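**Q** A single structure is presented below for examination.
Where a number appears in this text, it was derived from the coordinates with a stated rule and is not lab data. Keep in mind the model is a prediction, meaning the values are calculated, not measured. Here the Cβ positions follow ideal geometry from the backbone for every residue, glycine too, while neighbour counts run over all protein chains shown.
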Amino acid sequence: MIYLDTFGSNFDTVLRVYPGACGGGGTPVCDDDAGVCTGLQSQLATQLAAGSYCVVVDQYDSDEVGGTVNLRFTRGGRTGTAISASSGSRTGNTCTASDQTYPSCQLDSFTGDVGYYFTSCPETPLTVSAATCASSPSWDSVVHLRAGNAQAPTDLACNDDGLSPCGTTSPIRLSSFTGGSVAGAGLNWLIVDGYHFACGAYTLNYTISP
């Protein structure tokens, strides 16, 4: 998983990521005008197979003959599934997932985890809430929010054992957090994990709002 953007450049950019060496051809992954963000810069988050790649920052057309490029590159640190920066619901099962990250609020986590990623814009701070409260209460889940590389040691928000009305009755505890804050442009993760070796089917409900 990689993230690239050209925010801060002073011309209309286009981003392209080619497989293999530069000039070797192939079909690129590309972005122009950064999706939902305002302005003329580019933003790209994509999952790539192992190998070498060429990153090209180009101008939108030949009328732009010069400018200052600001290129940011972030390794995602794990695999994941894209979600939009809005509200939604996802289902899955952590028992069939690999153990890729460790939540900062529960270091006793050695089970599979599932990651969902979304991008944020430089001009729009976001508030994030997430919960596994709708899941069947048969295992002890953990849910956390992380920015940038998913292997970073800290979270923007993290919860194990639930906030009301999640399941806070022992021994089964579901999880939720509110008021997670994302500031600035970048790659962000919502991750469903489990306590110790607990795993199972889940429903993740989330709200991402400006």
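**Q** Which one of ASP108, ASP61, ASP99 has the biggest mean-square fluctuation once the chain is modelled by GNM with Cα springs under 10 Å?
**A** ASP61
**Q** With an 8 Å Cα cut-off and a minimum separation of 6 or more residues, compute the relative contact order for the chain in percent. Please report the intermediate quantities before stating the final value.
**A** Details: 588 pairs, mean separation 49.3, N = 210.
Reported as a whole number, the value is 23 percent.
**Q** Identify which of THR81, THR119, THR68 has the largest mean-square fluctuation in a Gaussian network model of the chain, with springs joining Cα atoms closer than 10 Å.
**A** Evaluated over the chain, the most mobile residue of the options is THR68.
**Q** Select one label from (1) 36, 18, 12; (2) 26, 22, 15; (3) 29, 19, 16: the one whose number is semi-axes √(5λ) of the Cα gyration tensor in Å as derived from the coordinates shown.
**A** Computed from these coordinates, semi-axes √(5λ) of the Cα gyration tensor in Å corresponds to label (1).
**Q** Follow-up question, since we're still on this one. Count the net charge of all other residues whose Cβ sits under 11 Å from the Cβ of ASP140, scoring Lys and Arg as +1 and Asp and Glu as -1.
**A** On the way: positive: ARG173; negative: ASP108, ASP160, ASP161, ASP193.
Neighbourhood net charge equals -3.
**Q** Ok, one more. Please report the net charge: other residues with Cβ closer than 9 Å to the Cβ of GLN41, K and R +1, D and E -1.
**A** Numbers: positive: none; negative: ASP5, ASP12, ASP33.
Summing Lys and Arg as +1 and Asp and Glu as -1 gives -3.
**Q** Comparing GLY92, GLY200, GLY26, which has the greatest mean-square fluctuation in the GNM of the chain with Cα pairs linked when under 10 Å apart?
**A** GLY26
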